[in-house]
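Inspection log for the structure reproduced underneath, given as structure tokens.
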Amino acid sequence: MIVKERKKSLKLLKLEALDRRLSLEHPKKKEVQLELGKASAGYHGECSLDYYISFLANQNLYIFHDLRLSSGTYHFQIDTLMVSPAFMLLLEIKNISGTLSFDHHFNQLIKTIDGEDVVFSDPIQQVKHQKFQLSQWLQKHNLPSLPIEFLVVVSNLSAQIKKVSKSDAVIRSSQLVEKVQSIHTQYKQNVLQKCELQKLKNTLLKNDTPYNPDILAHFKINPSDILTGVVCPFCSSIPMIRNKGKWTCPTCNQTSHNAHLDALRDFALLFQPSIQNRQVKEFLHLYSSSGANKLLSTLHLPYEGTTKGRVYSLEGLLED
């Protein structure tokens with residue numbers, strides 16, 4: 001059973017919004033695009049594994065994607081966690097191309113592509129540390145201890161895997177179902193009763209704390225550098241013009257009735273998840289406060305405060 005679905009992280013959504021709203025000439029544009037490329041590749045690598053995970057959904061497993069838990073001082077991120085009454089399984093997913101050599105002596109992963117080596121931290125060591133942190137987390141929350149297994153899953157089909165020393169911890173995506181079935185065979189005795197499994201599931205969900213960076217501060221970008229206006233969903237030009245209840249792109253002449261929704265999501269991702277009438281007018285390039293108020297009324301957003309100082313919540317738009 002998929003308990004927590006996989007979706008784009010807040011960091012990835014913020015990187016996408018930032019890339020949309022930085023000019024091509026901005027000095028941080030390439031840096032943002034580089035980090036966006038890495039985050040997108042990671043996400044698509046995780047998504048590609050979901051085809052194989054779908055074959056496990058009907059088994060006696062709770063499946064959590066993108067869990068972030070606190071060890072007290074630090075947080076640790078788990079790409080995918082599978083929980084059964086008999087064991088837990090951590091999956092660390094890597095979407096890396098080239099020839100991959102796992103050097104366990106120096107705890108590093110070496111990617112060789114076009115004759116050049118790029119060194120990464122060892123994902124096996126990384127997921128081993130996650131296992132330790134998860135074990136400590138279970139103790140901290142007075143939850144029953146379960147055997148914890150782990151796998152590093154290479155999701156990139158073009159990767160050539162080489163290992164300096166033998167390890168069953170590294171597999172390809174296509175091996176996942178067979179590997180999980182093997183682990184099921186290894187742990188035949190249930191450790192948790194149904195009620196204990198339910199408690200563990202609820203506690204994991206309750207303590208999941210998604211990473212929510214201040215993306216402008218991360219790149220040291222001034223808020224005034226952010227391009228305002230509604231982005232055209234057809235040609236990506238900015239800004240569109242509001243006229244007679246719809247948005248028109250002056251570049252491609254396409255129209256949209258709801259392009260402002262993406263603009264408001266960008267505002268929530270880059271600045272804050274709440275907005276006032278004045279900010280709507282300025283960010284969407286509307287001509288009047290009454291026009292901003294009329295548009296806001298169509299969205300039925302929750303709000304606080306009086307008419308003049310009313311603050312609208314954009315949280316719901318981020319969940320769409």
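In this simple spin-label model, placing a label point 7 Å from the Cα along the Cα-to-Cβ direction at both GLU319 and HIS257 gives a separation of 2.4 nm.
Its Kirkwood hydrodynamic radius, worked out from the mean inverse distance over all distinct Cα pairs, puts the chain at 22.5 Å.
Segment SER97..GLN272, full-extension length gain: 59.3 nm, with 0.36 nm per residue of separation and the alpha-carbon distance subtracted. Straight-line cross-link partners of LYS179 among the lysines, defined as a Cα under 16 Å from its Cα and at least 8 positions apart when in the same chain: LYS188.
Computed packing ranks the peptides 82-92, 20-30 as 82-92, 20-30, most packed first, by mean other Cβ atoms within 10 Å. Counting every C-alpha pair in region 11-155, the share spaced more than 28 angstrom apart comes to 32%.
Based on protein heavy atoms only, the chain ends up with 55 Å² per residue of surface accessible to a 1.4 Å probe. Got a sec? Charge dipole of the chain, +1 on Cβ for Lys and Arg, -1 for Asp and Glu; which of LEU34, MET1, PRO123 is way out at the positive end? Positive-end residue among those listed: MET1. For the chain, which cysteines have no second Cys with its Cβ under 4.7 Å from theirs? Lacking a cysteine Cβ partner under 4.7 Å: CYS47, CYS195. Per-residue Karplus couplings for region 53-68, computed as 6.51 cos²θ - 1.76 cosθ + 1.60 with θ equal to phi - 60°, are listed in order as 5, 4, 6, 9, 5, 8, 7, 7, 9, 9, 10, 10, 9, 6, 8, 10 Hz, Gly and Pro entered as x.
By per-residue mean of other Cβ atoms within 10 Å, what is the highest-first order of 45-56, 133-144? Please report the intermediate quantities before stating the final value.
Details: 45-56: 17.3, 133-144: 14.7.
Descending mean neighbour count gives 45-56, 133-144.
Among SER290, GLN276, ALA263, pick out the residue whose Cα is farthest towards the positive end of the charge dipole of region 262-307, where Lys and Arg carry +1 and Asp and Glu carry -1 on C-beta, about the Cα centre. Going by the charge dipole, the pick is SER290.
Between beta-carbons, use under 12 Å as the cut-off and find the net charge around ARG6, counting Lys and Arg +1, Asp and Glu -1.
Working: positive: LYS4, LYS7, LYS8; negative: GLU5, GLU46, ASP50, ASP66, ASP79.
So the surrounding residues net to -2.
Applying 1/(1 + (r/R0)^6) with r as the Cβ-Cβ distance of PHE234 and GLN193 and R0 = 41 angstrom yields a FRET efficiency of 0.15. Take the Cβ atoms of ARG310 and ARG172, set R0 to 41 Å, and the FRET efficiency comes out at 0.15.
Ellipticity at 222 nm from helices only: DSSP H runs of n ≥ 4 in the chain, each -39500 (n - 2.57), divided by the residue count, give -11500 deg cm²/dmol. Our estimate of slack between SER297 and SER54, defined as 0.36 nm per intervening residue step minus the Cα-Cα distance, is 83.4 nm. The trypsin sites (Lys or Arg not before Pro) found in region 191-274 that occupy coil by DSSP, while having at most 11 further C-beta atoms within 10 Å, are LYS220, LYS244. Dipole orientation for the chain: of the candidates VAL191, PHE150, LEU227, LEU227 has the Cα lying most toward the positive pole (charges on Cβ; Lys, Arg +1; Asp, Glu -1). Over the C-alpha atoms of region 198-288, the Rg to Rh ratio, Rh being the Kirkwood estimate, stands at 1.14. Charged side chains reduced to their Cβ positions (Lys and Arg at +1, Asp and Glu at -1) give region 130-248 a dipole of some 180 debye around its Cα centre.
Cross-link pairs exceeding 32 Å between alpha carbons, from the set LYS111/LYS140; LYS38/LYS201; LYS28/LYS162; LYS30/LYS128: LYS111/LYS140; LYS28/LYS162; LYS30/LYS128.
Viscosity 0.692 mPa s, temperature 37 °C: Stokes-Einstein D of region 87-151 from its Kirkwood Cα radius, in µm² per second?
Values: Rh = 13.4 Å.
In µm²/s, the coefficient rounds to 244.
On the basis of the beta-carbon distance and an R0 of 25 Å, TYR211 and THR73 show a calculated FRET efficiency of 0.95.
The values are calculated or read from the model by the stated rules, or taken from the named source; none is laboratory data. All values reported here derive from a predicted model rather than from experimental measurement. So basically every Cβ, Gly included, is an ideal-geometry build from the backbone, and we count neighbours across all protein chains shown. Only protein heavy atoms, including side chains, enter the accessible area calculation; ligands, DNA and RNA are left aside. Shrake-Rupley method; radii C 1.70, N 1.55, O 1.52, S 1.80 Å.
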